[in-house]
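**Student:** So that we are looking at the same thing, I have put the structure below in structure tokens.
Every number here is computed from the coordinates shown, using simple stated rules; none is lab data. As the structure is a prediction and not an experimental result, all values here were calculated from the model. Here the Cβ is made from the backbone with ideal geometry for all residues, glycine too, and neighbour counts use every protein chain on show.
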Amino acid sequence: MDQAERLRNIIKAGSIAQQNKPMARVITVTSGKGGVGKSNTAINLAIQFRKMGKRVIILDADFGLANIEIMFGAVPRHNLCDLIYQGKNIKEIITWGPMEVGFISGGSGIAGLSNLGKDYLSYIIQNLTELDAIADIIIVDTGAGISDAVLEFLVASGEILLVTTPEPTSITDSYSLIKALNRHPRFSSEDSQIKVIANKVETQNEGNTLFNKLNAVVSRYLKIPVEYLGAVPQDSQLSKAVMQQMPVSLQAPSAKSALAYEMIAVNLMNMEKTLSVPKRGMAAFFSHIISGKKH
């Protein structure tokens, strides 16, 4: 029995045990280049979901950079590597930030997941399954760009939020990311929905124009659907909040950027009713990454 088959059996056993339990909605936030506001987007959407009464956990999968903990002003005692290699359970590696938004630091040991034995895999999957009982929504904040690690997270996700800005390089890099994702042997536009957020725009029209430019080339050359979620304006109050290590949605809830994040969160919740991609839960999400095969 090979690694992938063992993992499928573990997932199948876990799925039977979880049949009558809810699965979390996994939303992955990404960008074609750094510095476009990806982690800010992840954090502020998490806060907006909390304001709606949803339980939220962020997985900081931008390994080595620790953006989430810096923006939250919180230092985690443990990370995902401690779950994998030190025997910690899932609750022990969650750090709680503002408004009881949980976050998990990824650490740097994910690359070795595919080499783990059956007992390790079983332990990890069982713990990750517990996240579905702890959270309604899990936001995965990936690294920027088109590295193999980023693409693996995106392929595993049913919902991908692509953050871009009006800068020509950002639009070009966003297209390159979608192109690389489309070329991935396990990507399917039927299994993964790509939704675009226009960040750092001067006007709503600029956001619409940005999306139309990106959508035009994606539709012409890649022929895969992308949706427009909305725009977040340039905002000095957001910059101030970042400097003070607080989400703008908490520090200045009436700021124009905070109101934009609120609207995007509302749009996402409204879309949940019509999602063509079923909720997978966190165990299935990670099984996809670990095995390198669809389940």
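**Student:** Evaluate the stretch 233-283: find the radius of gyration of its Cα atoms, find its Kirkwood radius, and give the ratio Rg to Rh.
**Tutor:** Dividing the radius of gyration by the Kirkwood radius yields 1.16.
**Student:** Computed FRET efficiency, Cβ-Cβ of ASN267 and TYR123, R0 30 Å: what is it to the nearest 0.05?
**Tutor:** Using R0 = 30 Å, I get an efficiency of 0.20.
**Student:** Let me ask something else. Could you please rank LYS223, LYS240, placing first whichever residue has the fewest other Cβ atoms within 10 Å of its Cβ?
**Tutor:** Least crowded to most crowded, the residues run LYS223, LYS240.
**Student:** With the cut-off at 20 Å, report for the stretch 146-233 the share of all Cα pairs above it, as a whole percent.
**Tutor:** For the stretch 146-233, the fraction of Cα-Cα distances above 20 Å is 29 percent.
**Student:** Would you please give the FRET efficiency between GLN244 and LYS51, computed as 1/(1 + (r/R0)^6) with r the Cβ-Cβ distance and R0 = 22 Å, to the nearest 0.05?
**Tutor:** With a Förster radius of 22 Å, E is 0.65.
**Student:** Modelling each spin label as a point 7 Å along the Cα-to-Cβ direction, I'd like the GLN86/SER189 distance in nm, to one decimal.
**Tutor:** 4.4 nm
**Student:** Mind checking the full-extension length gain between SER236 and LYS223? Use 0.36 nm per residue of separation minus the Cα-Cα distance, one decimal, nm.
**Tutor:** Extra length available between SER236 and LYS223 comes to 0.9 nm.
**Student:** Something else now. Calculate the spin-label point distance for ASP148 paired with GLU100, positioning each point 7 Å from the Cα along the beta-carbon direction, and give it in nanometres.
**Tutor:** Going from the GLU100 label point to the ASP148 one covers 4.1 nm.
**Student:** By counting other Cβ atoms within 10 Å of each Cβ, how are ARG220, ARG50 ranked from fewest to most?
**Tutor:** Taking fewest neighbouring Cβ atoms as first place, the list is ARG220, ARG50.
**Student:** Considering only LEU214, ASN182, PRO225, whose Cα is most displaced toward the positive end of the charge dipole of the stretch 168-265, charges sitting on Cβ of Lys, Arg (+1) and Asp, Glu (-1)?
**Tutor:** ASN182
**Student:** To continue, here is another question. Sorted from fewest to most neighbouring beta carbons within 10 Å, what does the list ASP132, ASP191 look like?
**Tutor:** ASP191, ASP132
**Student:** Across every pair of different alpha-carbon atoms, what Kirkwood hydrodynamic radius in Å does the stretch 198-276 reach?
**Tutor:** 14.0 Å
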